[in-house]
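Readers should treat all values here as calculations from the given coordinates under stated rules, not as data from a laboratory. What you see is a predicted model; the values in this text were computed from it and never measured. Note that we place each Cβ from the backbone using ideal geometry, even for glycine, and neighbour counts take in every protein chain shown.
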Amino acid sequence: MQRFLEIAFTAYVLVGLIIVQDASAQQREQLAPETPVDTAAIQTIKESNPTTPEQLIDAALLSADLGRSDLSKVYLQKLIENDPNEDEVLAAQQKLGTGRIFRLQSIESLQPEGATAATMLLTKLDRYFKDIKRLNKLVDQLIDKDEFTRNQAVKQLKNAGTDAANPLFNALADPGREAVRPAAKRMLVSLGRTIYEPLLAALDSSDPLFVAELVDVAKELDLDQATQFLVGPYVLTDDDQLRSQIGQYLDATVRTRPTEEDVKVYLAKRVKRYLGDGPMFPVNEDGLVELWTWDAEKKQVVMTPVPPADAEVATAGQLLRDLYALDETNAEVQVQAALAAMQRMGVLDESDTELKKLVDQHGVELLQLALVQALEDRKFAQAAVVACEQIGETKNADLLIAIEGKLSPLALALQSPVYRIRRAAAKAILTIDPKSPYAGSAELLDTLGFMASAQGKRNILLGELHQQRAQNMAGLLAELQLEPLVTPGGRELFKQAYSSPDIEAIFISKPLALPAMMESVQILRKDRRTADLPIGIIAPIGEVVHYQLRTKDDPLTHVMIRPNDVEGFVFQLKQLYLSQGRLLVPADQREADAEFAIKEMSRMLDVSDEYDFYNFLKIEEIAVRRLVDENVTGDIANLLGKLATPAAQTALVDYASDPFNPLAQRQACADAMQAAIERRGILLTKDQIIAQFDRYNASEELDPETQAVLGKILDILEAPTQSVRFDQPAKIGP
């Protein structure tokens, strides 16, 4: 199965939001009375000496019902330690039913053993019911001579639900299993709505025999949703059997057979709807669409939970293949087809075969046109990322040239409000590695500098004027292992928000220091560093509807009431994270991005003459600020040594002279200082140099290693300042 949404965002939300169990459970144990005398019923349970999964589950539940959860936990622990195999668990499930297994995790007094045991049992059952070999065997049993065996196969395949789809599809596609094919088709029809989405996805197969069989099933199901996927093949296929089968389907469902022109118009309208504002799909409780697609390599259907926008673009891509085949000279269709192909690559991990075919036919200019269009709508963000990567792989610096006064698409992407797009554009430009100026080049250092400022933290920014409320919210966030940044709003809020990619979400409360809540949101949305951040507006209960109406067109802004406990904060944070979807960047990825940006800027500074069109002074402040972060001090020191500005030299000397900093890092700063002076000379003031001698003179009581570092700094400084008289420094060592 393909990856679950980089599951980026749902899994990421849960990782950081671990709620510590309430200590009341421990208190109850401490206050619990001594073990009571066994009743006759409890004595009977003990004497039965349960050993099998069925017996242990039954004994645990009976003991709990009799008020002996302590004994229940003993049986559950034994069940867990026995680790029964799937056949034993299945036997228990068939005797006791699934409901009794679920009870294990719902009885509070049995926790945590009850939840652990239930999870183990249900996992084994799930693995059994989804076992592909077992399901394939059941499909073959649909034509068994024994009626009981056939009936059992039908029953178990129905119980398997969508998991039965691929085994049944395998039977239809396998030329060597012709005998079972009619029974497999009847089984698919009997599954009804359960099979709709997998069947529609399987219509994307390139096997005409297989698709023809599926079309017959769709006709029997009266599945008119298949029309959009079949009208294209109807006018395009060279396979007479498939065309005939689709024709019969169309006769039975839409009562007409379209012409080629009819299909063009129809598909264009459907594509427009999918690429429009939507919504086109129902969503689950997490706001995701359970999208079924055909995996051409594995020849099976797969389900991937994706945001609605991704599902819409991916489905449009399926239709655009047919529309492009019918109307490949249409420039709009070409761009749409490229957009959809790139989105499917980014969302569903599809290969680049389809995109390469389009680029081979229409040139890299098609990628640029598609990128420009993708930048106009956030729903195409993943396509924009792929477009940047593809353009970067050309290593063609001419693609950065402005045309007719307009920035190149890659330079334009550096201004995107979506961090992932800006990062992809920056990496693409670094891959191309231009050695001459281009329009928009100033944005590259801005992007790299912002990336370099990330520390891999999980910061939540609070705009809260009421000090006590701010402290309460900060405390709740700290319990969730998040790092709150508390501000009263206004300039301080914006400064913190713009400072780093580590800001994962923003909460703004009423009242707020000026500007007010909605104005603050608008300001944040206008800056590319914060435009894509999820924002929670905490409004008074009586004003929730008012603010919901004012933010209805902003999917990243959620109106909520003030959370009073950890559970409430978890729920609200989950909504904010889910609104950002796959575009959320995990903390470890941000930290890796920072290391990448620092090393790339350092690489360019090695041969700064080749990149003199970049203003490297832009990164000075960020580099100085990050020098104290021990995980990057060495790389930052190297970078500052190459910048060699007065501020860079000051930062290096100050860090190297501080005995409380790690010795290895201080030595790295001293080495970087030497490199800086060799590059640009001493740019410290006379007072700073004198202060450095004073530091050394005051180091007599410090450790020899610190004295050695301070001595090295003086050696570095003394050579260019021989004509200046300073006090004689103290000796190194005791």
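Sorting 606-617, 503-514, 558-569, 114-125 by average packing, meaning the other beta carbons within 10 Å per residue, from highest down gives 503-514, 114-125, 558-569, 606-617.
With the highest mean first, a sort of the peptides 93-103, 39-49, 439-449, 217-227 on other beta-carbon atoms found within 10 angstrom per residue produces 439-449, 217-227, 93-103, 39-49.
I need the calculated FRET efficiency for the pair Gln471 and Ala115, taking r as the beta carbon distance and R₀ as 41 Å, to the nearest 0.05. Mind dumping the intermediate values first?
Numbers: r = 34 Å, r/R0 = 0.83.
Computed FRET efficiency for Gln471 and Ala115: 0.75.
Peptides 325-331, 521-527 ordered by packing proxy, namely the average of other Cβ atoms within 10 Å per residue, highest first: 521-527, 325-331.
For Lys130, go through the lysines and keep the ones whose alpha-carbon is under 16 Å away, minus same-chain ones fewer than eight residues off. Answer for Lys130, where 16 Å is the Cα cut-off: Lys155, Lys158, listed by chain and number.
Summary of the geometry: region 91-143 and region 175-219, compared by the centres of their Cα atoms, lie 29 Å apart. Its Cα centre serving as origin, region 270-382 has a Cβ charge dipole (Lys and Arg +1, Asp and Glu -1) of approximately 160 debye.
Under the combined filter of DSSP loop state and at most 15 neighbouring Cβ atoms within 10 Å, region 292-388 retains these trypsin sites (Lys or Arg not before Pro): Lys298.
With each label modelled as a point 7 angstrom along the Cα→C-beta vector, the Gln152-Glu88 pair spans 2.2 nm.
Remark on the chain: ratio of C-alpha radius of gyration to 2.2 N^0.38 Å is 1.22.
For region 615-721, what does the alpha-carbon gyration tensor say about shape, rounded, prolate or oblate, given a ≥ b ≥ c as the root eigenvalues, a/c under 1.5 as rounded, and a/b over b/c as prolate? It is oblate, given that a/c is not under 1.5 and a/b is not larger than b/c.
Need one word for region 459-586: rounded, prolate or oblate. Basis is the Cα gyration tensor (sqrt eigenvalues a ≥ b ≥ c); a/c below 1.5 gives rounded, then a/b vs b/c decides. Verdict is rounded for region 459-586. Counting only aspartates and glutamates at least 8 places from Lys526 when in the same chain, those with an alpha carbon closer than 19 Å to its own are Glu376, Asp377, Glu443, Asp446, Glu492, Asp502, Glu504, Asp553, Asp554.
Rounded to the nearest 20 Debye, what is the dipole magnitude of region 608-651 about its Cα centre when Lys and Arg each give +1 and Asp and Glu each give -1 at the C-beta?
Numbers: 4 positive and 8 negative charges, 30 e Å.
Charge dipole of region 608-651: 140 debye, to the nearest 20.
Here the 3J(HN,Hα) profile of region 594-599, calculated from phi with Karplus coefficients 6.51, -1.76 and 1.60 at θ = phi - 60°, is 5, 4, 4, 4, 4, 5 Hz, Gly and Pro shown as x.
Computed about the Cα centre, the dipole magnitude for the chain is approximately 1040 debye when only Lys and Arg (+1) and Asp and Glu (-1) carry charge, each at its Cβ.
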